[in-house]
Structures are given as structure tokens and as C-alpha cells.
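The values are calculated or read from the model by the stated rules, or taken from the named source; none is laboratory data. Predicted model only: the values in this text are computed from it and were never measured. All Cβ positions, glycine included, derive from the backbone under ideal geometry; neighbour counts span all protein chains shown. With ligands, DNA and RNA removed, areas are computed over all heavy atoms of the protein, side chains included. Shrake-Rupley method; radii C 1.70, N 1.55, O 1.52, S 1.80 Å.
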Amino acid sequence: MWRLHRYYLKELAVNAAITFLVLFAVMLVSLIYRGLQSAQGGQLLDALTITFLYAADSLQHLLTIAFLLATVMTYTRAAQDRELVAIRAAGISPLVPMAPAVLVGILLAGLGSLSVHYLIPEVHYRKYRVIPTLVRNAFMNLKLGSDRLKVPGTPYVVSFGSHVGNEYRDCVVYSPRGLGGGSPIFFADRITTAEVKDKSDVPWEVVLDGVRDPFGLRPSRIGIAVSLEQIANRDRRNDTDADLTSDQLLAEVLRGVRSDEYLPIYTLFRRCCFALMPVLLAPIGYCLAELGRLRGRVFTLALSLLPLLAFYAGEVLGARLLATTKNPWVAWMPAVLLSVFGVPLCWRQLRR
């Protein structure tokens, strides 16, 4: 029996590894634009790091889907080559060839439990902090990545011809109130920005030199002091339950610091449900492969979407029920729907 187990275990591991690498590569490519957008204010290495962290945030989903597809492909190939028929004809229980899939599912459940409880929350927290929050928010809120500069705390919007460091030249400034009640559009030869060191609230000074309007007012100088911290903290992202590891969530519940304690418990149960998903999908994938052996691999792969649809439909349904019932046990709804789909299928296929 061990030779039979080793035979399918090797093929299943190779198929799962290749499928996971392909899905992870597709995820990386699809998230490049989002990584570049999130890395504004940073360097190319920051963009690559953020893109990788965004993809790693979906690690548990990719592992589970890759395992299901690999299971279906492995046993569909065995069914089409009549290997499973020969095993049954020899009087060997179908549980024997299915055992490698269950073993791999248990292994992935252990790794998935570690990832969803500790690794993925850390990745989810880190992906928003590759670039220091103060620098990134200031860059985004001031729109320093374009040819326009929004002066915070003022109605000024600046379009500049060129800039070197913190100095902007040949500027056109728009202000609804105008310059001294005049034209809403005026010019500035140079705009400089600098941090004022002798202030306790760390203000940021914006100085407009050579200010004039189209009607010939003489050049003047305008100085504006704004708080860099106020700029950076605008639209600041607060931590959520997804950023906390499971032991931290459980500690908050046990210490009674949360008035909505059903939310961290729901998150904890949801992570446990995702960790168990490979174990639930292992026998389902085997039975789907046997069921579709006469219709080809494409048809069987299409059938494999049904358990995934049941699981993620349960995920959506559980979130909706949580909003109305505030019962954290609805986090197990995906496993319930997957069991409703899988138990009759496995019972029929394994007993025929």
C-alpha cells in the first residue's frame, strides 16, 4: 500500500507545487499596478515589496485552490488511465488511493493554520507600512507625484514648470479668493517648502516669491506655515482585526477591552474555517475526479468550481448573517455549505 501511496503522493505534490506557482505568478502580475499606486513616495524596491506582500496576503486562498485543482487533475488522469478502476477491481478500497490527498490536505491545514493565525495578519499589517506612513501620506495628500501642488490649509492649487528638491519654479497659482481680491489666477517665480526646526508642532513652511497677477501688481512674497503632521495624518488608516494575530484578538476578548467582542471571535472562527478547507476539499476533489472520468479533464476542472463556489458563498452569507445576528458562529457557514455539498457526493462515489 505504501508504494501506491507514494506514487500518488509524488504526483499530487508536483501538480500542487506547479499550480500554486502559476497562480501566485498571476496574482503578482495582477497586483503590479496596485503596488505601484501604493508605493507613491517610495522607490522601485518599495513597489516590488508592496506587490509581493499584497500577493502573500492571499496565500491561504492560493494554497487551497491550487491543492483542489492538483487533486482533481491527478485523480482525473488516474481515472482516465483506468488506474482507479484497476484498484477497485483488485478489491482495494477507494480510500487507499484517496489517502495521499487527505495526508497532503492535513499538512496544508497545519501550514494554513500557522499562516492565517500569525503570518497573514503580519503581512496584512506590514504591506501598508513599507513606506513610512508620514512620508507616504504627505506625498499623496500634497500630490507631489504630479505637476500640481495642493497647499494644505489654503485654497491654493499650484501648477509648476519645473522643480528641484523643495523648490518649484515658474508656477501658476489658482485661488478662488484671488490675490488681494483680484484675479483668481496669479503667478509666482518660485515656491519653496521647508521644515521649520524651532517650532514644537513641527510646522511646514511654504514661501511664494515673486507673486504677481495678470493685471500687473508688483511682485510680493507670501509665507504660509502648515503642520506636516496634520498633512500626513489626513486619511490615515487605522488598524483593524485583520492586522492582529489570533492570540492578540483572543487577549482583547479575555481582557474585556472590546465592546464588540463578537467581531474578534468571528475573525478567529473564520481563520480556523479557512485553515480546515484543504482537509474538506481532499475527498471532494477525489470524488469529482471519479465522477468526471468519462467526460475529460476540462469538464472535471469545471466541476471543481462548484465546491469553491459553495465555500465562498458561505463566506459571503456568513458576513451578512453576522451583521444581522451578531453571532460569531456564523463564521463556520462556509464549512457547513461545503459539507452539504460534499457529504452526499462522497457517500455516493465511495460506496458504489
Please give the helices (runs of 4 or more DSSP H) falling wholly within the stretch 237-352 in which 1 or more residues are open to solvent by 60 Å² or more (accessible area, probe 1.4 Å) and over 22 Å from Met73 (Cβ atoms).
-> 246-255, 262-291, 305-325, 333-351
Set Val72, Val104, Val85, Val26: member being of a type in the set (Val, Ile, Thr) and at pLDDT below 90 = Val85
Kindly indicate whether any position in the stretch 256-271 is within 30 Å of Arg82 (Cβ to Cβ) and touching a helix residue (DSSP H, G or I) at 6+ places or on another chain (Cβ under 8 Å).
-> no
Candidate set: the stretch 87-121, residues that are small (Gly, Ala, Ser) and not in a helix (DSSP H, G or I); chosen: the one surrounded by the fewest Cβ atoms within 10 Å (Cβ to Cβ) = Gly91
Run down Leu21, Leu45, Leu31 and say which single residue is exposed (fewer than 14 other Cβ atoms within 10 Å of the Cβ), farther than 23 Å from Pro278 by Cα and not β-branched (Val, Ile, Thr).
-> Leu45
Residue set Leu84, Leu68; condition touching a residue at least 12 places away in the same chain (Cβ under 8 Å), closer than 12 Å to Arg293 by Cβ and surrounded by 21 or more Cβ atoms within 10 Å (Cβ to Cβ); output residue Leu84
Condition met for Ala25 (under 30 Å from Glu290 (Cβ atoms) and either of a type outside the set (Val, Ile, Thr) or not in a helix (DSSP H, G or I) (or both)) = no
